[in-house]
Amino acid sequence: MVARAPHEPQSDVSSCDPHAYGGGDTVTHPRPQPSQLLAYLSKRAGVVPVVDGNLEEFQNAPSTALGDHSLYALWEADALYLAANVVDDRLDVSIATRDGDLWTEDSLEVFIDPERDRGSRMTGGDRQFVVNARGTQLDTDGAGAAWDGEWRAAVSPTATGYTVELGIPWSTLGIDPEAGASYGFSFAVNDKDGSAQTQMLWGGADSGFRVPDNWGTLTLSADPVAERLAITGHTAKDVTDSIAFIEWSLNDAADGFVEYGPTAAYGSRTPGESGFLSFHRQRLTNLSPATAYFYRINSSSEAGASASATGTFNTKPIN
Ligand SMILES: [Ca+2]
Ligand SMILES: [Ca+2]
Ligand SMILES: [Ca+2]
C-alpha cells in the first residue's frame, strides 16, 4: 500500500501528482501563522541578488516566520527572489535527480498562484517549487512534475541547518510584475530525521499543501530594500603620546562609537554621538605613551548595525 502524503488533497488527485506518494508520519500546523509577505524592490541594494545560498542581500528584506524558520523576499523587474533560513539539526537528504520525491527529505517548498484565483487544487498557472538540502529541484504545475520551469536555486549548510536561495523569473510564472500587486503564495518546510518526517506549512492550514485556498499572499512593495550600512574606511589620525582621533566614513548617515584599548578585548569606549552622520571623527583620550592600541568602530542606522574590523595604532613616546 502506498501511503498518502498527509498534505495531499483528499480527492481528485491525479496519478502524476508528486505529492500523491510517500507519506510523513507527523504533520505540524502551528497556529496562528502570518499569511502575508511583502517583497521589497532589490534595486537600492545596487546589485541583483546572486543565487548562491549566501543570504547577505536579504539582510534588510521583509521576512516571515514558520516556527524557527524564516523566509525573505525581494523582487525586481525580471525575477522574484526568495531566501530561507531553515533550522534543522540533522540533514537527511540524498535525492539528486530533478523532479524526484524531494518532499520526503529535508526540503523547502514554495507555492505561487499567479492569478490569485485560489481553488481546492492546483490548476493551470499554479506553480510549486521544491529544493532539497543538497540543491536538487522539483517543480510542478497543476498536472504534476512534467512541467519544468526556468528557475535557479542554491543551498548552503549552516551551523543550525541550511539556507536556500531561489531566483524565479517572472516569465516562468507568467506574471508581469508591478508594485502593489498580490499573488497567492505559501511555503513549507519538510524535515526528515531518520524515519521521522515533519512537515510545516505557512498559513496554518489544516490540510492540503497543494490547495491554493489554504495559501496566503505575497505583495510586491514599491519600497526599496534598505541598503546595508557599510563602514567604507577608517583610520587613526593625529596620534600623540596620550590622544588619538579615529575617523571613518559610511555609505549612509549613522551614529557611532569607538571601542579601544591596549588589547584586542578593547576595554574602553567613546561616549558616542547623538547625531546621524556619514563622516565621524572621535577623540580617544588618556592613552598610555609608546603603546600599541586596538580599536573597533560601531555604527548603526535604520538599516542596521555595522562594526569595523579591528584597527591598530601606536601612541608616541613622551618627548
Ligand atoms: Ca545570495
Ligand atoms: Ca518539473
Ligand atoms: Ca532533518
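The values are calculated or read from the model by the stated rules, or taken from the named source; none is laboratory data. In this text the structure is predicted, and so the values were computed from the model without any measurement. Please note: Cβ atoms are built from the backbone with ideal geometry, for glycine as well, and neighbour counts cover all protein chains shown.
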- Query: Mind checking whether some residue in the stretch 286-308 is among the aromatic types (Phe, Trp, Tyr) and in contact with an Asp or Glu (Cβ under 7 Å, 6 or more places away or on another chain)?
  - Reply: yes
- Extreme residue, farthest from ligand 3 (Cβ to nearest atom), among residues of the stretch 132-151 that are within 19 Å of the chain's Cα centre (by Cα) and part of a strand (DSSP E or B): 137
- residue 68 vs (1) buried (at least 17 other Cβ atoms within 10 Å of the Cβ); (2) modelled with pLDDT under 95; (3) more than 16 Å from ligand 1 (Cβ to nearest atom); (4) charged (D, E, K, R): all pass except (1)
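Among the strands (runs of 3 or more DSSP E) contained in the stretch 220-319, which hold 2 or more residues that are among the basic types (Lys, Arg), at pLDDT 95 or above and over 32 Å from the mean Cα position of the chain (by Cα)? Lay out the reasoning, then the answer.
Working: elements: 231-237, 244-261, 277-284, 292-301, 304-307, 311-314.
Ranges flagged: 277-284.
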- Task: Could you run through the stretch 99-114 and say how many residues are outside any strand (DSSP E or B) and either within 24 Å of the chain's Cα centre (by Cα) or in contact (Cβ under 8 Å) with a residue 60 or more places away in the chain (or both)?
- Result: 8
- Message: Could you check the stretch 72-89 and list, in sequence order, the residues that are within 16 Å of ligand 3 (Cβ to nearest atom) and surrounded by fewer than 24 Cβ atoms within 10 Å (Cβ to Cβ)?
- Response: 85, 87, 88, 89
- Task: Can you confirm whether the stretch 236-252 contains a residue that is without any contact (Cβ under 8 Å) to a residue 24 or more places away in the chain and either of a type in the set (Asp, Glu) or not assigned by TED's automatic domain parsing to the domain that holds residue 113 (or both)?
- Result: yes
